[in-house]
Structure formats: C-alpha cells, structure tokens
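The values are calculated or read from the model by the stated rules, or taken from the named source; none is laboratory data. The shown structure was predicted, so the numbers you read here are calculated from the model rather than taken from an experiment. Because the Cβ atoms are built from the backbone with ideal geometry, glycine has one as well, and the counts that use them run over all protein chains shown. Ligands, DNA and RNA are excluded from the accessible area calculation, which covers all protein heavy atoms including side chains. Shrake-Rupley method; radii C 1.70, N 1.55, O 1.52, S 1.80 Å.
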Amino acid sequence: MNKEITGREATAGSQRRRGARVVYDGVTKQYGNLYALHPTSLEIESGEFFSIIGPSGSGKTTLLGVTAGFIPPTDGQILVDGRDLVGIPPFQRNIGMVFQNYSLFPHMTVAQNIGFPLRMRKLGRAEADERIKRMLGVVRLGGMADRYPAQLSGGQQQRVALARAAVYDPVLLLMDEPLSALDKNLREEMQREIKAFQQALGATVIYVTHDQYEASSMSHRIAIMNGGRVAQIGSPRELYENPRNRFVASFLGEANLFEVRRHEPAPGNRTLVETGQGFRIQAAGSPPPGKGFVLCVRPERISVGEAKSGAANQLTGTVSDVVYSSGTAHYRIRVAPDMEINQKIQAGSMARQFEIGETVHLTWDESDSQLIAEE
Amino acid sequence: MGWPIAIRLWKIFLLAFTVLACLYLVFPTFVILPLSFSSSLYLSFPPPGWSTQWYVALWNSPTYSVAFLHSIFIGLPAAAIAVVFGTMLALALVRGKVWGTRGLTALAIAPFLLPQIILAIGLYSILAKFGLTATYVGVIAGHAVVATPLVFITVSAALRSYDSTFEMAAMTLGANGWKSFWFVTFPMIRLGVLAGGIFAFSFSFDEIIIALFLTNTQTTTLPKQLYSELRYNMTPTIAAASSVIIAISLLLLTAVALIEKRSRKRIAAAGAGAKA
C-alpha cells in the first residue's frame, strides 16, 4: 500500500506527451448582474500542478465548471495548447476529471469503469485491454479488475477514479476536492500518490480544494480566490511570506492581524505603527500603496517568555489557552480585552512551558511585522 | 421479561391496534375470496359449502377470457407509453435545467390526482370527433395519460437517489447526452423504470371509469366486464374473477417490493462506496 508509484511503471510501453499549457483569457461568468467569476486571466504551465483554493462561493467551482464545459462562460477564452475550448461540449474536450464523490459507475466493474472512456472513443478491444491493464498497474489495483466499486475501500475507489480520468491521455486533469471524503491519514497518503501519479504522467493538473495544507503540500503554484476573483497567485511559500492583501494573509495559515490607527516613518526604512489597541509596533519597510493596511505577524515568528530588553517589539499578556499537538505548542495569549495572539513554538526548543493564566512576554523582530494592504 | 407493566401493556395495545388497522385495510378486499369458493348459486356470505365450480365457470366463459385478454392488450401498450413519457418527464424535470420546474412537476402529477371521470368525459368528446371512442387507441391513450404520473414519480425518486455528477463524469469521459443516458443513467434507474411500468400496468388492469367511457363490447376490459355482470348476473363467477384480479395485483405489488428492496441495496452500496 505504501509503495509509491514510480515514473517507470507509468510510462512503460507508452510514449507520453507532456500535459497541456492552459491559458485563461478574461474568462467571465455572470448570472444577470451577479458575477460568479469576474474577468479572470491566468496561465498554467505544461506539467504544472496548479491548485485553486478559496472559501465556498469564491468562484473556484465556477472556474472548474467552465473548464470542464458544464458552465458556459459569459466571456473570455480558455486556450488549451492554443485551442479555445469555449463552445466545445464537455464530451469533446478530452479533459479528465476526478469528482469529489469519485462518481464511479456502480453497475460497472473496475475494468469497465476504466475502460468506459476508451469504449466511448471506440478504441479497439486489444488496445483498450492493454491500456486498462497498464493503468491498473499504475494505481496498483492489478488484482481488482473484476471488482465492483462498492467492494473497494475509499482509497481504492479514489485510485480507480484517477485511472479512469487519465487512461485516455487527456490534455488536462481536473480534480474537484478529490480527497475530502477520506479520513485524515488516508488523505495524506493519497496526496503523495496523486502527486506521484501526476509526475509519472507529466500531466497538467488543476486541483480545487478548500484545504490550504493539501494545496500547499502538492502544488507548484496556488491561486487563492475570493468573491469571484483571483486574489493572488504564487508558490505556497510566496503566498505565505508575501501575501498581497489581508484576505490572503488570513486565509493561508494563521495570522495575527493588527488594525492600524496611526503610522509614521522611522529611521532606517522602518515604520512605526500604533494599533487599534494602542500598541506601538515597529515594522521594517514602508506601508504598501493604496487605501489602508494592516500589520500581520505570523504565530511562529513570535517568541514567548521573559521580558527582553533589546527586542524591537514586545507585548505582555496572559496565557488563555495552550494546545499541544505533534511536537508543537500552540499558545493563545490575551494581550488586550479584544485581542488574543496566536503563538506557535516547537516543543523541543521551548525553554519552559507556560500554564494557563500565567503572564508572559511576547517578542518579535521588526522584520517579522508585515505591512499588508487591505485590498 | 423485565419490562415495566405499563410499557408491556402499551406494546400489547400497539400490536392490537396495528393488527386491527391492517384488517380494516385488507379485509373488505379479501371477503371476496371465500365467496369465490362458494357452492351456492348466489353471492351470499358466509358460503353454505365449498367448491371450485366458479373458477371452472370463469375458465370456460368466453366473455371473461376475452375481457381478460383485452385488459392485457390495453394494459401493456398503455404501460409502455407511460414508461417512455414518464421517464422523459422525470429526466427533464429532475436533471434538466427547465424554467418553472415546480409548476411543471405539479402538472406532470395532475392527471393522476384529478378526477378521472372528468378526464374520461373530456377524452370521450375529443375521441368521438375522430371516431376513436370504442377502439383500443382511445382507452390506451386514456390509461397512458393517467399512468404517466406513476412512472414519473418512481423514476424521479430513482434519479434523485443518484448524484448528477455520475452523468457529468460520463460526459467528461467522452459520452454525449444519449450515450451517457444509455450507458450510465439508465442502468442506474432501470429498477425505478421497471417499478413504474408495473404500477402503470397494474393501474390500467384495474381501471374502470375510463374503460366505461372508452370501450364497447368489442374492447371491454375485465373490470368493466365485472361491472356489467354485477348488474345482470349475480353469480359467484364475479367473486372468482375478482380473486384473479386481486392475485395478479398482489403479484405485481410483490414484484415492485422486491425490485425496490434490490434498488435500495444498490443505492446503499453506491453511497457507502463514495463515503468509505
């Protein structure tokens, strides 16, 4: 079960081409005056693992539906290797899709399910059998060809769904929250499998999820969507370290956000901020252009302990909650009646543990205070 | 053992109530059974003795045999038409994006809920214009109209028990609308279609009002034959014929129950599969 799929198994006996390059050019979906998707342009490279995350109603499902052909866009083009998909019905798009509930046909065996797209393409019996067999090998379900979906475990069904969506060499693989029905341990195992599967086939994958950890662990790049727009596109690291706005900062990972009441430049390209609670906090750099900004400090950048004389930023509060999980301590520290700070620390590097109700000092560098635009 | 007296009494009361309710529902129907085995020449209860003579009489009666065949020849095509239209309606209203789905759904069920006498009068006046009142065509059309909602309801239920992503999956895999219906949708709803078809046939087989209006002696159905026998010829043959109708209806209902049990199992399997 834990053996990873290797590239050699996947490509054995076939000459695979790389996945398609996908370009969205001003793709829009309007229902009356309501924009489900504002004009959206983005480029996905050949062989890229591209994730789309966002809260429900953010437009990610619309973007997927438009790509698969279930939702006609109001405007724009979707170019797959230069060919515009708009107007082509779903069954002629040659796109593979893995659905949230897998949608394996319950009345067909595993082999019949995987063979279905080949049958629709009127592929010869011998070649179809050969491809089904090869795909079963890729997803390590060799002995399961004659089982029905109901006789398989969730993870096995997932692998059949992957095999079925990829057996006809689609130009693009879409995945709609494919792991959300699995329990946590299996989900992590399947993340590695899907990633290995994608690399083995060299396929371009667009992966929609609401789970930011899943997206971060699998993707080359992530698009974060909000309110029918792409809020930011970047690698998981870029998005976490340089969020473009408040939404991205708070959606990806945990963030301590301070409202800015006043601010003034300080010597050495720094900014001195007075927060809504009256704290005075130093940040490196200058405020972003545009209307308004917030100050963000990530939980793991804060140290907790005794007062430090030389620290750029220091707040005092009482521990209101501490959660210990897999080697990391998560503290919540009340620093003002209306504000709690999240703090995270590797358990091994802690000088000592703090109890609920204890008074502690929080310190962090000025370079760890990020100034982030509201919009 | 171990139950408090109050609860035990309550359970006994519930059991007694259930038995009485069941008797109330089916007893009037089954009163006819002993009558059909009567040795008397008249319909009287209780029968003075037992005999199977009336079944023999029924078997040998040309009018009953012909009426029985008429009922089959009217019921089968009526059910077939109802299956086609009911399934198409269900597909359009459950899966399709049709404007005014709620209103159309009410309209689709209406023929079964509206008084059939009114439909019969309406059909009669229209069919009379085309000279079709006493033909198979008229009564088959009438039965098909009323039976279509029965198919619509069972097929809608079958469609609702499956997520529409199965069809979307079929489409992404290269199946056009017709192929995705034939290879994916239909195999998943076929038990619902079959159950609807049996209901439709069963309805037509028992129906009297439309048959009274739209058949004549050349096309008379079994229920209509019973009705006219009751008026002129009160022999226990009627009870024997009724018992045959009951037996056939029960058989059909049992078939539907078995089909539904199977389809529940399949849905459970498909659902559990996706969740596991």
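Points worth noting:
- B:Phe85, sole failed condition from (1) out of contact with any Phe, Trp or Tyr (no Cβ under 9 Å at 6 or more places or on another chain); (2) modelled with pLDDT of 90 or more; (3) open to solvent by 70 Å² or more (accessible area, probe 1.4 Å): (1)
- Residues located in the stretch B:247-267, provided they are among the β-branched types (Val, Ile, Thr) and open to solvent by 30 Å² or more (accessible area, probe 1.4 Å): B:Ile248, B:Thr254, B:Ile267
- Selection count where residues are among the hydroxyl-bearing types (Ser, Thr, Tyr), more than 11 Å from chain A (Cβ to nearest Cβ) and in contact with a Phe, Trp or Tyr (Cβ under 6 Å, 6 or more places away or on another chain), scope the stretch B:148-189: 1
- Among the residues of the stretch B:162-172, some residue qualifies, meaning at least one is of a type in the set (Ser, Thr, Tyr) and open to solvent by 30 Å² or more (accessible area, probe 1.4 Å).
- Criterion violated by B:Gly192 - all others in (1) in contact with a Ser or Thr (Cβ under 6 Å, 6 or more places away or on another chain); (2) modelled with pLDDT of 85 or more; (3) open to solvent by 30 Å² or more (accessible area, probe 1.4 Å) satisfied: (3)
- Within the stretch B:94-201, helices (runs of 4 or more DSSP H) holding 3 or more residues that are closer than 30 Å to A:Gly115 by Cβ: B:136-160, B:165-172, B:177-180
- Selection of the stretch A:250-264 for residues being under 18 Å from A:Ser367 (Cβ atoms) and out of contact with any Ser or Thr (no Cβ under 6 Å at 6 or more places or on another chain) yields A:Gly253, A:Ala255, A:Asn256, A:Leu257, A:Val260.
- B:Gly131 more than 11 Å from chain A (Cβ to nearest Cβ), open to solvent by 50 Å² or more (accessible area, probe 1.4 Å) and modelled with pLDDT under 90: yes
- Within the stretch A:108-150, tally of residues that are within 14 Å of chain B (Cβ to nearest Cβ) and open to solvent by less than 50 Å² (accessible area, probe 1.4 Å): 16
- When we screen A:Thr67, A:Thr40 for residues that are touching a residue at least 60 places away in the same chain (Cβ under 8 Å), crowded, with 22+ Cβ neighbours inside 10 Å and either more than 14 Å from chain B (Cβ to nearest Cβ) or touching a His at 6+ places or on another chain (Cβ under 7 Å) (or both), the only hit is A:Thr40.
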